[in-house]
Each structure stands twice: as C-alpha cells, then as structure tokens.
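Presented below is the structure to which this report refers.
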Amino acid sequence: MSDELLSEEFEETPTPTGPLGGSSPQQNFVSRYGSKAGGALGPVITTIFAFLMAGIAVAVVGKNPLKVYRSIFDGTGLNFFAHFGSYSIRLPFSTQHVWFWWDTSSIAAMNLQQTLLITTPIILTAVALGFAFRCGLFNIGGQGQYLVGAYFSVWIGTSFVNLNPFLHVLACLVIGSLAGAFYAGIAGLLKATVGAHEVITTIMLNWTAIWVGEWLFGQQGPLQNTSQPAIPISNTIADGAKLPIFWGPKLLQGLSIGIFISVGMLVVYWVVINRTTLGFEVRAVGFNPEAARYGGVSVARNYFLAMAISGLFAGLAGALDITGWEYQIGQLDIPVSQVGFIGLAAALLGRNTAVGIGFASLLFGALINGTSGRQLDPSVFSPDLAGNLTTIIQGLVILFVGLNLTTLVSGGVFRRRRRAT
Amino acid sequence: MAEAPILALEGITKRFPGVLANDHIDFDLMPGEVHALLGENGAGKSTLMNILYGLYTPDEGRILLHGNPIDLGSTKAAIEHGIGMVHQHFMLIPVMTVAENIVLASEPRHAGVMLDYSAADRRVTELSTRYGLAVDPDARIDRITVGQQQRVEILKALYRGAEILVLDEPTAVLTPQEAQELFEIIRSLKEQGKSIIFISHKLHEVLEIADRITTLRRGKIVGTVPAAGATEEGLARMMVGREVLLRIDKTVPKPGEPLLEVEDLVVYDDRGLESVRGVTFTVHGGEIVGLAGVDANGQAELIDALTGLRHASSGRVVLDGREITHATARDVLDSGMGHIPEDRHRRGLVLPFSLTENLGLHAYRQEPNSRFGFLNLGKMLDRARRLLAEFDVRGGTPDTPAGALSGGNQQKVVLAREIDSEPKVLIAAQPTRGLDVGAIEFVHRRLVEQRDAGRAVFLISLELEEILSLSDRILVIFEGQIVQEFPPTATEEELGLAMTGGKRDAA
Amino acid sequence: MTALTGRIGHIDWRGPKVVGIVGIALGVLAFWIVLPPVTTRSPLLSILIGILAIFAGIWSVSRDEKRIGFGAVAAGLAGIFFGVLATYSSTTNLSAVVVWSSLIAATLRYATPLIYAAIGGLYCERSGVVNVALEGMLLTGAFFGIWTIIWAHSWAGSWAWVIGLTGAALAGMALATIHAVWSISLKVDQIITGTALNFLALGITGYIFIDKYGSSGTPGNITDYGIPDIHLNFLQNWYFIGPILGQLNLMIWLSWVLLIGTYFFVFRTPYGLRLRSVGEHPRAADTVGISVYKVRYVAVIASGGIAALGGAYLSIGFVHSFNENMTQGIGFIGLAALVFGKWRPMMTYAATLLFGFCSALADRLPTAYGDQWGTLFQALPYVLTIIAVAGLIGRSVGPAAAGRPYDKQ
C-alpha cells in the first residue's frame, strides 16, 4: 500500500547522484512555500505589488487610490497604535484600573476590535493549511472543516442550555475542533490508505459541508431556529456558551478572548512543528516521504495525523467564530463564507511560518474589516467594490507569492536551460 | 574499414558547472557496424549520447553525418537525421498500446486528421516481422515484459527511419536470456545495414557483440580497439586506468555469532511478481558479506524486506536471535539494523533538512535527543557537531541544509548517522555510487572498521571490484535466488559467469 | 475504429460484465417502476427486482468483475431503498415531482455548464496540468459573456450573442493564459495557481459588475437577444421526445457537438494521442520530438475558452442575468464530473448527466416535499466523487504526469 502511496510523489526520472549531479530532486512545493530563505522580503514585495495592482483598479473607476487606501486603513483600527497618550485601562475580569499608553475606548479601538475578531479564525485556518502543508499535503478543505466546526459548535451551544457555562463553552470548542479533525481526517485517511489526492477530496468535502449546512439551517432544517420558521437561521447559542468579551462593549461585538486562543494556537503550531518529534516527522515526510520512510517513519500515519490536526485547527476556527462572535449560523452566510480560503492566502503569504502567518492573518483581517460596509465610507469608495478589491488582492497575493521574484526579473525561467542529469 | 564513416563526432566538448563531462571527443561509426562505447559510471558516455540525440548542445566540436556537418538542436532534428535512441529508462507510456507508442508524433492518418489505427498496426507488424522483433501491437505497455518493452523502443526508432541506433546500457534491466535475444536482434539489425552504438560497462557483453570498442574515462577517449583480439583484462585496464583495482588493507576476518539470518525469504515486487525467490543466507558478526548481481535481480526487494520497508510473503529474517520478518521499518531500525540506502538523495537524506536534522533522522526519538515527544535541540546539535568532526564532513555547519553538500560529504553524513546508532547489522547498498576515489576509500575504510568492531556488514553492490575488495564472503544473486557463494579470492570472470546465470549447478 | 468494432464484436452475453450491467439496469428498474407513469404501489416488486440486481452484482463480483459488480449491488440497494421510500409517498406528490420529460429537460439544462467545464478541464488535465480554476473560468465566461453581449447589442442586434460567446471565450482564455504561464513556464504549483485564479476571477468579475451595473443589476431585456433556443417545430408533438428536444438552447446542442468532437479528437486523432502522451509521460513525448510546452499551452488555453463558454451559457443562455459569484460551485461540480468520469469524455458526460439530474431533482422535490429535501441532493455529486476517488466504485486515477511541471533538460 505505501508503495503505491509513494509512487505518485516522485518523478520517475532517477535523481542525479554522480559528480554531474545538478538540481535538487526535492524542490517540491513544500520547500518552495515553506523556506525561510529570503525571509520576509519576498512576501512584503508581493503584498506591495498586489496593493499597487489593486490601486490601479481603484484608479480605473475614477477614485484616488491613496485616499481610498487611507480610508480603508482608518477603518481597520490599526491607527489605534499611532495615538499615544495617557489613558487608563481596566484590567480584564477585575475592577482595577491602571495607566495605559493607548485610548482603549476610541473609535479606532472599536475598529481594531473588529479587525482582531476577523483575524481570529483566519489565523487558525492559516495554521490548518500550514500544518498539512508542512507534511506535503495541500489541505484546500479548510473552509469545509471550518464550517463543520461551526455547525457542531452551534449545535452544542444551542443544546444543553443548563450546562455549567465554563463546561459549555469548552464543550463547544472541543467538539467543534474534533468535528473539524474528523472531517479532515476523512481526506487524510483516504490519502493514507488508497492514495486519493487530498486536493480532490477536500474540495469535494468543502461543498458537501456547504450543502449539508444549507440543509441543517434552512427552512425546516433540523437545526433551524424554533421561533421564526420563515427565517433560515439557527437558534442563538446559550449565554453560557459564549466566550467572555474582554475589550469593548458586549452588545456591539467587542473582542472576545478567542483572539488569545488563536494566538496561543499559533505558538502551539510553532512548538509542535519545530520542537516535537511529531513535527520532526511531519516535516521529514513533507520534504521527502521516501527518506522519511527509510528513517522508520510511517508516512501513511503522518498523512492521516497531519490532516486530522490540520482539521482540528480549522474546526476550532469555526467554533471560535460561533462562541466569540457570531453566536448563530444563517443559511445564507454559509456559501459566501471565505474564512478558509483567506486562511489559505495568509498561510502562503506567511510562508507557513508561525510569525509569518500571524502578520499575514492580521493583514487580511484588517483588509476585510477596512473594506467592509460597516467601516468604509461609501462616499469615498463603495464597500461593494472594496470587497471585491480585497478578493482581487488575495488572488494576486496567492498568485505572486510562489514566484521567486529575482528569477523573474533576470528572466531565467523563460530561457532554455540545458542541464545535466 | 575503407569506407567512409556514416557518423563522426569531432572534438566534442561539454562542460557542466565544475565538471568537464566530455573533453575533445572524437568518435566515428561505420555503416553496418556495432561500435561499443565502454566506460565506468560517470565517464561521460551518457552526456555524449545526449549530445548525439539533440538533448544537449556541445560547447565545442561538430557532428558529421555522411561527411556533412549537421546541427542537432533538438531530438526532432536527431530523428530527422536518422538517429534513434533506446534510453536506459524506457521512454514508453505505460497506459498506451505498443502501436500507439511506436507511431507517436509521426502517426499514419486517414482523411487528413484522423489517426489510422489499422495502418499503425500494419506498419508495426510489418516492421516487427522484418527485423524479427515480435510484439503485439495492441498490447498495453504496462502489461508486457521488460524485454518486450525494449523491443518496442527499438521499433520506435526503426519506425522513424533510424539508420543509426544508440542503445544506452540496454542489458541493465534484462535477464541473461533476454540479453541473448537482444544480441540476436542487434545482429539482425546489423545485417540489414543499421549502424549501432552500444553503450555498456560490461566487458563480456561488449566483447560478444561489438565490432569495435571505444573506451571512455573521465570524459576523455582512452582508445579505440577492434573487438577481435581484445581481452577483458586489457579493456578493464583501459576503462579504469589502473592494473590493480581498489584494494583495501584489511586483516583476516574473525567471524563471531550469526547476527543476520535469512531463511527461505520470498518477496514480491511492485508489479506483483515474485522477485526474491527463496533466499537463505547468514551474516556473522565481524565479517563483510557481499551480494553481487546484475541490477534488478531482486536486490532492491531483498533489502526492502530486510529493513521492514516491504512485506515478505514467506520466510524468516532473524536479527541477533530476534525475528523481525514482519516488523515495521522503525522496529527493524530499533532492534539494531543500520541501513545505508542506495540513493542518498531520494532515500538517505532529507535535502532541505539541516545536517543536525539529517543526522537525527533515526535518533530523534531516543533520549537524550528528545523526551516526552519534545525535541532537545541542544543535544541534537551537540551530537551533530561530534559526528561531523568524527566523520570529517566538510563544507557545512550543523545548520547547513544537506542539499548544499557535495556527494561525498552527503554520504559521510548518511554513514555517520547509521554507524553512530551502533547497529548489530549494517546494510550498505551501493554505498559508493557516484563518489570520487577519495570518498570511496573513506567509505570502504569505515565499513571495514565496522566489521572489525564485530558488526555484521551486508554489502550490496553492482560494482564487482567493490565486492571483491571488501567482502570476506561473496554471494551471487541471480533472478531472485542466491546461485553461488565465493571466497574473496574469486575472479571477476567467475563472478560474472554466476551473475549471468551460467554454471548454476556448479560448486 | 477497429478497436471499437472489435470490442463490440466480442461481447460474451453470459459474461460477468454483461450480467453486472444487467444488474445495474435492474437496480434502476426497481426504482423506476414505483415512479410515474408506472407507479406501482406495492414495495414488494421493487424489493424483488432489487434483490435480483444484488444477486447479479454478487455473481459478477465473484467472477472478478468487481467494478461493475459492486455497482450492481449498490444500484440494487439504492433501488430497494428509494423504491420502498417512494411507495410511502402519495401518488399526487410523486406525479408533481416526477414529470419525466421536464425532469430530463431540466437535467440537460443543468448538465450543460457542467459539460463545458468538465470538457475544458479534460483538455487541461489530459495535458498534465491540473485545473482547479474551472470555477473561475466559468465565472469569467459568465460575466464577460454578458458584458460583451450588452455592448454588442446596440450594433449587432440579434446576433449579439455571437459576440457574447466570443467575448466569454476570449476572457476565459486570457485567464487560462495566466494559468499556463504560471504552471508551465514558471513551474509554480498548479493547485495554488488555480486557487489564486478563482479568487482573481471572483474579484475582477464582481468589481466590474458592481462598477458597471451596481445595485440595479444587468438589464432585464437580455432574454430577447441572448443565445437563441433551437425550435424544432416538427418535433413538438412527438410523444415524450417533443417536450425534451423541441426547444433546447443552442448551447446544449453545441455541447453535444463538443462532446463528440472531443471524443474523436482525444482518442482518434494524432493530436489527441500527443495530448495524452504529454499528460502521461512528458519526457517520452519530448524524446520523439513533441514540444511538451507547446501542447500544454494550447491545451490549457483551450480549456479556459471551453469552460468560459459554459459560463456564457449560464448567464446569456439560461438565466439571462449576472450576479456576483453566480456560478456557485458549478465549476467544481464540473471538476468532480471529470474525476468521476475518469478523465474520459463519454464517462464524464454520463457523470454530468447524473449530477445535472441531482440538481434537477433538487429543484423539483420542494414542489411536493418541502425545501429541505432538495438541498441534500445538491451534495450528492460531491459525495459520489469522494467515493469514486476512494476506489469504492472503481478507482479513479488521473493522467500520470498531472500536477507536475515539466523540466526540459
């Protein structure tokens, strides 16, 4: 079985071993998108380039790109950090006030809360992609795993209303994560046992999740709300199942502690990948499954584990969105949700490193918030247009981040190369 | 030989970064002649032939066809000039039929745009009867034998009107019977006026089939001699450039306990064919046992089965008294097997990994390198520093990716990793493939050291000189069976005969 | 042709293959007899026929015809399940849903964009380039089709649809050109590029759509000058066939031309042989003088054009309007059909019909049974495809070199 599994990973051509040995046979996509070579420069150039291109699109419809970008930036709340002063802050979960640099109740602060709320799941779906990626798997199914995590979280959150609040929210998160893990595990298992390509299976699982969601929360669906049969939306989860909000007004969607869980998972990701035997195996399999196998590592087991763990992160993203922000699922929101795919863009832009994913997720979270109808002044730029602009920027980022820009400039790729084998 | 050569290469030079692959090579081919190109791996034979087939452009020199200089910028041009190549790794599409493979890119048509399958079948049958190459035009490539696939490759070239055929190591994948059949085919092609370049590093084959033999060493022509009157000894001297092949100083072996016992092992290959057919042997501590054989006679499957990478269908493998027949690869390694795999790029190393990580590829799970599932990078680094110094790995620090090292240093890393785990049994598969002389000596010395330290060393090699210079006992594998055992004093001729299935009942 | 006739000439009517196929047919029959117009009301007959199908399946599995055999077993089980289910439903409800002629006509309408997407994908993947950007190509075709048809309407009148189709194809080819450059020349991972293109297509079409048509949407009169339907008046009164074929959109007819053309092109012409060889073993193709890059470029760009035609059908032949992200995963069902059909034109077509039928059924079920039952049918194509790649009903394996950039050496 494992031979069949491996055969598709390799070129049939023998690798160069003699003194003429030229290119590395292991230049696969894992090293291409996961290398630290060049550091942050490539992604930064890519980002600037994408914004420049998008700026042209803004100019084409007769708006001033600089003004538009300025307005988007103000909407992200990132200008919060620019205004120093002398303010006080209430320590979370206490009545104590202490001195603080920034004004935590300004408009910018509220915008920043929104940005961070949006960033929370993006970090996790990006980590999900990154983890599988490190194992040589392209988990394009983060969206489906995110949705399944959210479904289970809503189901637990709207049931068991008398449960202890701490246990209830914990159950929402744990079951949501496990659901995501299970869902991704299907693809992992198929990859590990019959070698079914994970890209095909996870794409199919994404759409399965969407339609199952439409069924669950649609009219007369099993999880549709009990009070208004005409509205295809779930019940709101019990108060006990909601994550505590530590910054901003509760009624206006303040920031929940989900962001800490999310950032914490970023740390977990870094530790697992770089400091554990599991991460060591996953990376070895990702770079060279054959060598890993010769080193006694079970490739199939790692494929399964990497997918399941990947799904765990994506499922948690869904659960955090429910317990910390949305509190319910509307049928109409399901097909338009893009969190999993934005995570994909963030992971690629962050080159699958923990720090990179953190910054890239914040960038996309800010961009989405800044271009949302809630933040962007329609007189400056139509939010409908801006939303599409965000999508274009995501596309450009994914398109260009895989290129080694220096080789592009030198034109090396188009030249005919004759190398020794 | 009074007539003009059909093909002449003049002063061909080809450089690759750091290597002079072909150095002013002159080579000619007479009509209706079999001209053998002899040389060790890495001597520059393949580069030369790739130039001839339009895959590489030479830096200097010119190619003359019937006395006229030609420009071979692409394979297409080579084909148009009547040059056909039978690649060592067949260029056949497994899911297509024989006929489809043969006519590809110059298909017979009807109505201008439709592929005329019946004409294709007809042409193939016609060609195969004319040259005595029996194939079924409608059979799928992945359902026919390797020997038949090779015939398809030859037909492919003939179909394109090849007058000159280049056969690149054609016998490497064949059984001796198939090789004999191939020689028959070559003779018949010759009779029909085709000129053939026969590339090989097997002396007896070259002597059997060639009219003239040109020897290549390190990118240079050593000489061209008529096959009539040439001897294996003389050719070997030309090929390797020294009378006495690599010899290593070693003491008399002191065999101890049997550490690796293999009993009646049967293993199937990927295609489901019985590839190891009841192999029995023992390797004692303190001795090096060499396994000689032509490539693809079951060596790869045997190694895989010994190391837990492939399931053995029957038989037993016992490592120091412990049965490991059905153990996983990890269990096998843990119970004291060291394995220097055949291809360090694909199997031995994770090239983007640092040297520290590569050196820790087995040891990462053991204390003190890791504890409770967490890696101790400090300890791994210490270990890497120690091993890099001990094995004299040059060109990198512990943080250097393995891919940045030279081949010899890469192999030292593999060796360091496997030897440091203090295995009871060390399996070394082609441990010096593609290495320079200095690195070869280093590897050989280390292997002998392991033997002297009381370990059982099982050496698998396609290079007879390596087998002869290192082994204390020599086993010969042929078609998945150990056909004979030899003392280290055996000659190449004796081994060669056994390797090709001759004298199977002797000894 | 010899191969084809040879295959037909050698049918063993009592062989496991034939028995298996009969089994599958019996499974379908088990369900069919409880539906209008037959509408058997007793579940017994369904169960009996279903069991026969299962036996036929088991028999052919035992004779080593696993794929078809298991198919027959599955068909038998499904026939019994749905057959029994249907007998519990009222005849009125059944008649409301199962109107064969309109179901089939709807199936054709739903299958058509899938065919274009899948055939487009077929060319691309057969050449060894994975195409997950079919969705984006479809969407691009849908938008640029409607944009150019509106633009052309003022001067081309009732022939504006020709311009619309051309515009759609060109836009799809432009998008595919990016895919080609990235995947073939720059050797970037094909799946990542495809994903990026889906984003780009979504963003660009949405952006221009909002800018041009804003909240009011595309003009309502496209119905008047969209891709015309073909009225076959002489057919109108034929029983059963009339309602199905009498008034079909031109693009549906064209899709059949495309399908048959593709079959012949891929399996009966030298160019098809070269296309397949490049997708299976590019180095082998290269050594006989085929330019791998050229074949791949042509295939990928053609793929974009063809998929975009499917999008154009959707916007200017079917619904006559455009919405942001209007394809809603149709491109991915097309991809699923391609995988399900094992990269072969006729089997892929069968898959698009099956998936189209799922959509048609999903559309009609709510008329009698409430909204929810249709929705799950929408998920069926994806689930079936997962089962197909998992190998439960005959392992689906694509072209060997798909996904790998070719490095000429």
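Just a few scattered comments:
- Highest-fluctuation residue, C:Leu139, C:Leu248, C:Leu309 considered, GNM on chain C with Cα pairs under 10 Å: C:Leu248
- Under the convention that each Lys and Arg Cβ holds +1 and each Asp and Glu Cβ holds -1, the size of the dipole of region B:278-396 around its Cα centre is about 440 debye.
- Residues of chain C were split at every exposed loop site, defined as trypsin sites (Lys or Arg not before Pro) in a DSSP loop with at most 16 other C-beta atoms within 10 angstrom, and the longest piece left, sites excluded, is C:64-341.
- The mean number of Cβ atoms from other chains found within 10 Å of a Cβ in peptide B:305-312 is 2, as a whole number.
- The count of lysine pairs in chain C whose Cα atoms are under 15 Å apart, excluding pairs fewer than 8 places apart on the same chain, comes to 4.
- For the protein assembly as shown, the equivalent ellipsoid derived from the Cα gyration tensor has semi-axes of 56, 40, 32 Å, listed largest first.
- Take the convex hull of the alpha carbons in region C:100-390; its mean projected area over all directions comes to 16.8 nm².
- Table column - 3J(HN,Hα) (Hz), region A:327-333, Karplus curve with 6.51, -1.76, 1.60, x for Gly and Pro: 6, 7, 10, x, 4, 5, 6
- Cut-off under 5 Å, modelled amide H: who pairs with C:Asn249 long-range: C:Ile230
- Loop-exposed trypsin sites (Lys or Arg not before Pro) per DSSP, neighbour cap 15 Cβ within 10 angstrom, longest uninterrupted part of chain A: A:37-249
- Span-like helix ranges in chain A, DSSP H, alpha carbon extent 30 angstrom or more, Kyte mean at least 1.6: A:165-194
- Electrostatic dipole magnitude of region B:101-151 [Cβ: Lys, Arg +1; Asp, Glu -1; Cα centre; debye, to 20]: 120
- Derived scalar couplings ³J(HN,Hα) [region C:118-133; Karplus, 6.51 cos²θ - 1.76 cosθ + 1.60; whole Hz; x for Gly, Pro]: 5, 5, x, x, 4, 4, 5, 6, 4, 8, x, 10, 6, 10, 9, 9
- Backbone amide hydrogens, once placed in the peptide plane, bring B:Arg455 within less than 5 Å of B:Gly286, excluding anything fewer than 5 places away on its chain.
- Over region B:157-274, the reciprocal of the mean inverse Cα-Cα separation, the Kirkwood hydrodynamic radius, stands at 18.1 Å.
- The mean number of partner chain beta-carbon atoms within 10 angstrom of a residue's beta-carbon across peptide B:87-100 is 4.
- Counting only residues at least eight positions apart within a chain, or on another chain, the lysines with an alpha carbon under 18 Å from that of A:Lys242 are A:Lys250.
- Of the residues B:Ala119, B:Met85, B:Leu7, the one whose Cα sits farthest toward the positive end of the charge dipole of region B:3-162, with +1 on the Cβ of Lys and Arg and -1 on the Cβ of Asp and Glu, is B:Ala119.
- Calculated log₁₀ intensity ratio I(q)/I(0) where the Debye formula runs over C-alpha points of region C:12-90, q = 0.16, 0.22 Å⁻¹: -0.50, -0.78
- A:Ile107 paired with A:Val60, simple spin-label distance in nm, labels 7 Å along Cα-to-beta-carbon: 3.1
- Using just its DSSP H runs of length 4 or more, each adding -39500 (n - 2.57), chain C gives a mean residue ellipticity at 222 nm of -23500 deg cm²/dmol after division by all residues.
- Where labels lie 7 Å past Cα in the beta-carbon direction, separation of B:His311 and B:Glu233 in nm: 5.3
- Each principal axis of the Cα cloud of chain A was evaluated for its coordinate range; sorted largest first, these ranges are 70, 50, 44 Å.
- Residue of A:Leu112, A:Leu389, A:Leu173 that the Gaussian network model of chain A assigns the largest fluctuation, springs spanning Cα pairs under 10 Å: A:Leu389
- Here the label points at B:Arg271 and C:Tyr88, each 7 Å from Cα along the C-beta direction, are separated by 5.4 nm in the simple model.
- Which listed pairs, of B:Lys379/B:Lys424; B:Lys45/B:Lys202; B:Lys220/B:Lys412, have C-alpha distances above 21 Å, in listed order: B:Lys379/B:Lys424; B:Lys220/B:Lys412
- Cα-based reach from B:Lys194 at 16 Å (exclusive), listing lysines while leaving out same-chain residues under 8 positions away: B:Lys156
- Taking amide H as placed 1.01 Å from N in the peptide plane, B:Leu291 has its amide H under 5 Å from the amide H of B:Leu459, B:Ile460, B:Ser461, B:Leu475, each at least 5 places away in sequence or on another chain.
- The loop-placed chymotrypsin sites (Phe, Trp or Tyr not before Pro) in region C:183-283, going by DSSP, that have at most 14 neighbouring Cβ atoms within 10 Å of their Cβ come out as C:Trp238, C:Tyr239, C:Phe240.
- 10 Å Cβ neighbours from other chains, averaged over peptide B:52-58: 2
- Evaluated with a Cβ-only charge set (Lys, Arg +1; Asp, Glu -1), the protein assembly as shown carries a dipole of roughly 2760 debye about its Cα centre, given to the nearest 20.
- Using the Karplus relation 6.51 cos²θ - 1.76 cosθ + 1.60 with θ = phi - 60°, the per-residue 3J(HN,Hα) values for region B:62-78 come to 9, 10, 10, 10, 6, x, 9, x, 10, 10, 9, x, 8, 4, 4, 5, 4 Hz, with x marking Gly and Pro.
Since every read-out is calculated from the coordinates, none of them should be taken as a lab result. Quick caveat, the model's predicted, so the values are computed rather than measured. Neighbour counts are summed over all protein chains in view; Cβ atoms, including those assigned to glycine, are modelled from backbone coordinates with ideal geometry.
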